[in-house]
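The next block holds one structure in the form of structure tokens; read it before the comments.
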Amino acid sequence: MRRSLLFTKTTKNVPADETAKNAQLLIQAGYIHKEMAGVYAYMPLGLRVLENIKQIVRDEMNAIGGQELMMTTLQPRDIWEKTDRWDDKKVDNWFKTKLANGTELGVGLTHEEPIVDAVSGFATSHKDFPIYVYQIQSKFRNELRAKSGLLRGREFVMKDMYTFSRTQQEHEAVYERVVEAYHRVYKRLGLGASTYRTYADGGIFTPRFSDEFQTLSPIGEDTIYVDEAKRIAINHEIYSDENLAKLNLNKADLVEKKGVEVGNTFHLESKYTDALGMYYTDADGKQQPLIMGCYGIGVSRLVGMIAEHFSDENGLVWPDAVAPFKVYLARLGDSEQAIQQADNLYNYLTAQGVTVLYDDRDARPGQKFADAELMGMPYRIVVSDKTVASGTYELKRRTESESIHVSEDQLLENLSNTEE
């Protein structure tokens, strides 16, 4: 992509109505546009980041047998009444609407009921299970106070997976497979070392402990206690001597930290399948209950978390795996030789499968360098009259302070050294 064709622009002005660093930087760099509190639109660069995160999540869900689908945003009232979750006293943070004829509908908050209703029409035999289904879609929650930029919104993108198992033993194995896949997701996003499986309250979903995935951060809203040796943690909300004993955790080994929840998993047992009449027929022809699990990852929240986690005083610092482009190519000057070398390099790198944002604008070097830092691509390459004369390219990694001069072959070698 050429900067001269990109309609979004950067700004030095910090948004007056944003206190969260992630939202400030993403708006300044032209990645997102704020529609209202808790609601953000993704501009071309922001959408590329979002799609890169989606693909990593999709890869790992598919690798364990997940089948992707897309459920509706509008949900009928009757299936929620069957599970006793329609009443606002039971679930108070979701939007509802009405058809012209007065029929009440729910607006997608979570999809246990619709998923059970859909899958039950196809899977009935013991030979059909276990089943893993997931979707990546926009969700809507009527937050009383949207805050922290992309970390707590009223409209957001989430991956939600649902599993169906024949026995409790099968469910436990399925559940742990998903948890392992979550760890791989966070590792690929560059958050693996700072993200902990955290025991938490099951909330509206289950009387059992749930599992949160908390990324350590000074901006975190959650207080967690981390056992660094075991790589697990416990949320403050269930922190008690009784629960520590249940979880085989020693208070002396725990360190208090702040965390941002970037995922969660729940045991649902047969609560929803029983309520909606979904069973399977075993080998003897008898109906048996199905055990469910549900598993969420906040995809758009991860955009904000990564922006916040890796940024510095100059702007965003995207990990290679999620950056909208790998290279920011800055052409300095408008001599025929510089233009030709920059154009040739842009075409060459693109042909080699390297994604490039080419700053071909008529702008000052300082402005181009500042934009490169703010926008956070992993590498910056400079082409100028000096590089033309030397037959080299000036290369700088976003995480390093000094640039180096390299040949074309060395350039590709450096770009292949991906960091996670």
Run the helix sum for the chain: -39,500 (n - 2.57) per DSSP H stretch of 4+ residues, divided by residue count, reported at 222 nm to the nearest 500 deg cm²/dmol.
-9000 deg cm²/dmol
Backbone HN-Hα couplings from phi across the stretch 233-246 [Karplus 6.51/-1.76/1.60, Hz, Gly and Pro as x]
8, 10, 6, 4, 5, 10, 6, 7, 4, 5, 6, 4, 5, 4
The chain: relative contact order in percent, alpha carbon pairs under 8 Å with at least 6 residues between
16 percent
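Which entries in Lys159/Lys246; Lys258/Lys326; Lys9/Lys396 show an alpha-carbon gap greater than 28 Å?
As for pairs spanning more than 28 Å Cα to Cα, those are Lys159/Lys246; Lys258/Lys326.
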Using the alpha-carbon centroid of each, what span in Å lies between the stretch 210-281 and the stretch 59-126?
24 Å
When the chain is fully extended, how far beyond the present Cα-Cα distance does Ala252 get from Val179, taking 0.36 nm per residue of separation?
23.7 nm
Residue by residue, what Karplus-based ³J(HN,Hα) values in Hz, rounded to whole numbers, does the stretch 265-272 have, using 6.51, -1.76 and 1.60 with θ = phi - 60° and x for Gly and Pro?
9, 9, 8, 9, 6, 10, 3, 7
With the dipole of the chain defined by +1 on each Lys or Arg Cβ and -1 on each Asp or Glu Cβ, the option from Asn101, Pro114, Asn347 whose Cα lies farthest towards the positive pole is Asn101
Filter the trypsin sites (Lys or Arg not before Pro) in the stretch 114-177 down to the DSSP loop ones having no more than 12 other Cβ atoms within 10 Å, then list what survives.
Arg145
Ignoring the sites themselves, what is the longest stretch of the chain with no chymotrypsin sites (Phe, Trp or Tyr not before Pro) in a DSSP loop and at most 13 other beta-carbon atoms within 10 Å?
123-420
Using only alpha-carbon positions, what ratio does the radius of gyration of the stretch 74-194 give when scaled by 2.2 N^0.38 Å?
1.27
Going residue by residue through the stretch 276-284, the Karplus relation 6.51 cos²θ - 1.76 cosθ + 1.60 with θ = phi - 60° gives ³J(HN,Hα) values, rounded to whole Hz and with x marking Gly or Pro, of 9, x, 9, 9, 10, 9, 7, 5, 9
Loop-resident trypsin sites (Lys or Arg not before Pro) in the stretch 213-257 with no more than 16 other Cβ atoms inside 10 Å, DSSP not H/G/I/E/B, are Lys230, Arg231
Cα-based Rg (one decimal) and Dmax (whole number) for the stretch 327-415, in Å?
11.8, 32
Rounded to the nearest whole number, the Stokes-Einstein translational diffusion coefficient of the chain at 20 °C and 1.002 mPa s (Kirkwood radius, C-alpha pairs) in µm²/s is 90 µm²/s
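Relative contact order for the stretch 232-385 using alpha-carbon pairs under 8 Å, separation at least 6, rounded to a whole percent?
Value for the stretch 232-385: 21 percent.
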Could you list the GluC sites (Glu not before Pro) in the stretch 290-386 that lie in coil according to DSSP, counting only those with at most 14 other Cβ atoms within 10 Å of their Cβ?
Glu313
Roughly how far apart, in whole Å, are the Cα centres of the stretch 2-45 and the stretch 296-366?
16 Å
Too long for a 18 Å Cα-Cα cut-off, among Lys230/Lys251; Lys90/Lys271; Lys34/Lys187; Lys82/Lys271, are Lys34/Lys187
Subtract the Cα-Cα distance of Ser138 and Gln55 from 0.36 nm times their separation in residues, and report this length gain in nm to one decimal.
28.3 nm
So the FRET efficiency between Leu69 and Glu221, C-beta based with R0 = 30 Å and rounded to 0.05, is 0.45
Kirkwood Rh, Cα atoms: Rg over Rh of the stretch 1-121:
1.08
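From Cα pairs below 8 angstrom and at least 6 apart in sequence, can you work out the relative contact order of the stretch 327-415, rounded to a whole percent? Could you put the intermediate results ahead of the total?
On the way: 125 pairs, mean separation 27.5, N = 89.
Computed over the stretch 327-415, the figure is 31 percent.
Each value in this text was obtained by applying a stated rule to the coordinates, not by laboratory testing. Since the model is a prediction, treat every value here as computed from it, not as a measurement. Heads up, the Cβs are rebuilt from the backbone with ideal geometry, glycines too, and the neighbour counts pull from every protein chain shown.
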